[in-house]
Amino acid sequence: MKLTLHARAKINWSLSICGERPDGYHSLDMLMQSIELCDVLSFEPARFLSLTVDGKKLPIGNRNLVIRAANALNETLGLHNGARISLKKNIPTRAGLGGGSADCAMTLIALNRLWNLRLPLRTLQQIGLKLGADVPFCLQQGMARAEGVGEILTPLESPPMIPLVMVTPGGGLSTPAVFKAWSAGNYPMSRIDNLALAGALKARDFARAQALSCNDLETPAIALMPEIGALIDRFRSLGAAFVRMTGSGSTVFAAFESEEAARRAADAVPGAILTRTTADPL
Ligand code: C5P
């Protein structure tokens, strides 16, 4: 039996920081959505655990979230199961697109099936949260408001498909570095009505969505990497209906009214990826 699964990236329509926690994490209020851009993972039964990424075998002690997810399942259940796993990366890394978290989430889902563990989604989310704050959302997909560190999820109805263009400048950014820059910089904490934002997106009222949205990490990320600010301006000048940095960056995404407009913008910006939102949860 070979299982092949698509690990979808996510975007943040918003990210508001609500406070700093004693464990060093930040409590957040976010509107997140799965998009079509995805990594592809395949899983086959095997005696031992192995992982190849884009055809290259990784050492098993590697900190890759796929290996860590498999180890976490084994450890939680006191098992020593194996699997031959291969990962084809399409999602840029250090991008704010949740690529590592998506791979982690799909590994938990796939091995739950391959190893016939029958763990409910809730349990996979509890295991996944220890591996990354975005993993619970990636296990659920669709559109959701995410609070806490990202684990308190309110599923929301996805808007009809929205064409997106995105660029990840400068080889990406480190998430801890961006949060640290936010803490050091005394930046304000915005308040966002994420339910109203979700409503505006559903109504395709992008001007209202833009006015309602904020990403508190955008300003510190631009201070670390000014190309992010330049890209935001570039997408606006190309007629984007909505522009935002996703997560802790460095990816900037732009929503367009039509696929045609998105394609034209993607042709005009070097390194652009053309994709779209996706409506269907798992
Ligand atoms: O959980 P994850 O590994 O994705 O988080 C990476 C880093 O991002 C954390 O070590 C922390 O510095 C920062 N972070 C945070 N607050 C969150 C999520 C992540 O400070 N809610």
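Read the figures in this text as sums done on the coordinates, not as results from a lab. Nothing here was measured: the structure is a model prediction, and the numbers come from that model. Counting neighbours? That spans all protein chains shown, and the Cβs are built from the backbone with ideal geometry, glycine included.
Which residue is nearest to A46 (Cα to Cα), if the candidates are limited to the stretch 77-134 and must be away from the ligand (no atom under 16 Å from the Cβ) and among the β-branched types (V, I, T)? It comes out as I85. Look at the stretch 118-147: where a residue is without any contact (Cβ under 8 Å) to a residue 40 or more places away in the chain and a partner is outside any helix (DSSP H, G or I) and surrounded by fewer than 20 Cβ atoms within 10 Å (Cβ to Cβ), sitting 6+ places away or on another chain with Cβ atoms under 8 Å, you get Q125/E151; L129/V149; L129/E151; P136/E151; P136/L153. Step by step: first the residues of the stretch 25-81, then only those that are basic (K, R) and over 22 Å from the mean Cα position of the chain (by Cα), then the one that is farthest from V149 (Cα to Cα). Which residue is that? Filtering first and then ranking leaves R47.
When you go through (1) more than 24 Å from L15 (Cβ to Cβ); (2) of a type in the set (F, W, Y); (3) crowded, with 20+ Cβ neighbours inside 10 Å one by one for W115, which number turns out not to apply? Here W115 meets the rest and fails (3). Quick one: in the stretch 135-169, of everything that is under 29 Å from V269 (Cα atoms) and in contact with a Gly (Cβ under 9 Å, 6 or more places away or on another chain), which residue is nearest to the ligand (Cβ to nearest atom)? That would be C138. Taken over the stretch 18-28, residues that are within 16 Å of G132 (Cα to Cα) and either surrounded by 13 or more Cβ atoms within 10 Å (Cβ to Cβ) or more than 10 Å from the ligand (Cβ to nearest atom) (or both) amount to 4. Quick check on the stretch 164-185. Is at least one of its residues touching a Ser or Thr at 6+ places or on another chain (Cβ under 7 Å), in a loop (DSSP other than H, G, I, E, B) and more than 25 Å from P22 (Cα to Cα)? Yes, the stretch 164-185 contains a residue that is touching a Ser or Thr at 6+ places or on another chain (Cβ under 7 Å), in a loop (DSSP other than H, G, I, E, B) and more than 25 Å from P22 (Cα to Cα). The set of residues from the stretch 36-60 being farther than 21 Å from A9 by Cβ and charged (D, E, K, R) comprises E44, R47, K56, K57.
Scanning the stretch 246-282 for residues that are under 19 Å from A146 (Cβ atoms) and either of a type in the set (D, E) or out of contact with any Leu (no Cβ under 7 Å at 6 or more places or on another chain) (or both) gives T278, A279, D280, P281, L282.
Checking the stated criteria, S158 turns out not to satisfy the condition of being surrounded by 16 or more Cβ atoms within 10 Å (Cβ to Cβ), of a type in the set (S, T, N, Q) and not in a loop (DSSP other than H, G, I, E, B). Summed over the stretch 166-182, residues that are more than 26 Å from E36 (Cβ to Cβ) and among the aliphatic types (A, V, I, L, M) total 2.
Within the stretch 192-199, one or more residues are in contact with a helix residue (DSSP H, G or I) (Cβ under 7 Å, 6 or more places away or on another chain) and either within 13 Å of the ligand (Cβ to nearest atom) or not hydrophobic (A, V, I, L, M, F, W, C) (or both).
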